[in-house]
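Scroll down for the structure; my scribbles are underneath it.
Derivation of every value follows stated rules applied to the coordinates shown; laboratory data play no part. Bear in mind the structure is a predicted one, so any value in this text is a computation, not a measurement. Neighbour counts run over all protein chains shown; Cβ positions are idealised from the backbone, glycine included.
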Amino acid sequence: MWDVNTAYRNDLEATFSRLLDKVKVLNAARPLPNIVLQNIKESLLIEWTYNSNSIEGNTLSLRETQMVLQEGITIKGKSLREHFEAKNHETAIYKLYSFVKSNYVLNAKDVLELHGLVLRSIEDDYAGRLRNAAVRISGANFIPPNARKVSEYLDTLINYINTNPQGLNPIELATVFHHKFVWIHPFFDGNGRTIRLAMNLLLMGYGFPPAIILTNDRVKYYAALNQANKGNYSKLMLLMAQACERSINIYMSAIPGSDNDYRAISNIVEEPEVPYSQEYVSLLARQGKIDAHKEGRNWYTTKEAVLNYINAKGK
């Protein structure tokens, strides 16, 4: 029931290898300078909260989210619920960090606790509790299982993730967990925000930094989930790999002596050694073929990444 078709590996093997190698380099360089590390964690906490809530319809901007979380400001014209969603997500992230340790073992209790924090003071009757009735999801191409099966399915999914019978790498495990959790839809509300937290319990337990699904990729994200419902994980795996790479690159910039020079692709293609157009390099980035990450709607890469691709392909 939980086994997945791994045909996507044909296209993503090199991407996975690149990311796993980066994580090894990152972890070998730990501990990172504390002041730099704290700055990154604070910045990503705001981005993570903004993007995850925005995907679910919260209208606070990134700057407004920062004002609510760091300055305690109430934003005029925004609902009380939206303020609670921001503060609750921040609290849930702090709780997540307290859970994570080396060789972390995923468990339902921690997931339920995260959900309880996500919905605290918003839907207290449902916070931290599995649903006990049917739900339907607007725009989705599936119907979640009967409520009587939810507890059993969640336990068997977590067991599948922890035993890893298919030998999946951490990125694959987090992606499968993400998709199957959404399919089970264990809660009446807060499923998306909870799984975008809980998937990082897995990733961070394997030494990855937290991966953030960007709100600019919302349409692509939902389309990838719907495709996974049909057994095709290609788009969702790529999206997750790109989210991982962005965070890995941010953390690697904190390594003392790092010479990573990520620039907008429009600048990279102006280098005389780069024979490709902006459109082609952007395509390589979107396909995960080169080391690149997204900031807002723009892709960033390095000249070295493009030259490595050229050398590997022999032009």
### Summary
Helix 9-28: inclination vs the chain longest Cα principal axis, degrees, rounded to 10, gives 90 degrees
### Task
Would you mind pulling out the separation of the Cα centroids of the range 149-224 and the range 8-55, in Å?
16 Å
### Query
Taking the Cα atoms only, what angle lies between the long axis of helix 34-55 and the longest principal axis of the chain, rounded to 10 degrees?
60 degrees
### Proximal charge balance of LEU106 [Cβ under 13 Å; K/R count +1, D/E count -1]
0
### Query
How do 98-110, 294-306 rank on mean C-beta neighbours within 10 Å, highest first?
294-306, 98-110
### Query
Which peptide among 27-35, 159-167, 66-74, 231-239 comes first, and what is the full order, when sorted by highest mean count of other Cβ atoms within 10 Å?
231-239, 66-74, 159-167, 27-35
#### Entry: Residue-averaged 222 nm ellipticity for the chain, from DSSP H runs of 4+ at -39500 (n - 2.57), nearest 500
-18500 deg cm²/dmol
### Summary
Per the C-alpha gyration tensor (a ≥ b ≥ c, the square roots of its eigenvalues), the range 1-64 is rounded if a/c is under 1.5, else prolate if a/b beats b/c, else oblate; here it's oblate
### Query
Which FRET efficiency value, to the nearest 0.05, do you get for SER121 and LEU283 by plugging their Cβ-Cβ distance into 1/(1 + (r/R0)^6) with R0 = 45 Å?
0.50
### Task
Would you tally the net charge around HIS83, using a Cβ to Cβ cut-off of less than 14 Å, leaving HIS83 out, and scoring K and R as +1, D and E as -1?
0
### Task
Quick one: of LYS41/LYS101; LYS22/LYS303; LYS235/LYS294; LYS24/LYS289; LYS78/LYS235; LYS180/LYS235, which pairs are farther than 24 Å apart, Cα to Cα?
LYS78/LYS235
### Query
Which angle between 0 and 90 degrees, to the nearest 10, do you get for helix 170-184 versus the longest principal axis of the chain when only C-alpha atoms count?
30 degrees
### Task
Rank-order 120-132, 281-293 by packing density, defined as the average count of other C-beta atoms within 10 Å over each peptide's residues, highest first.
281-293, 120-132
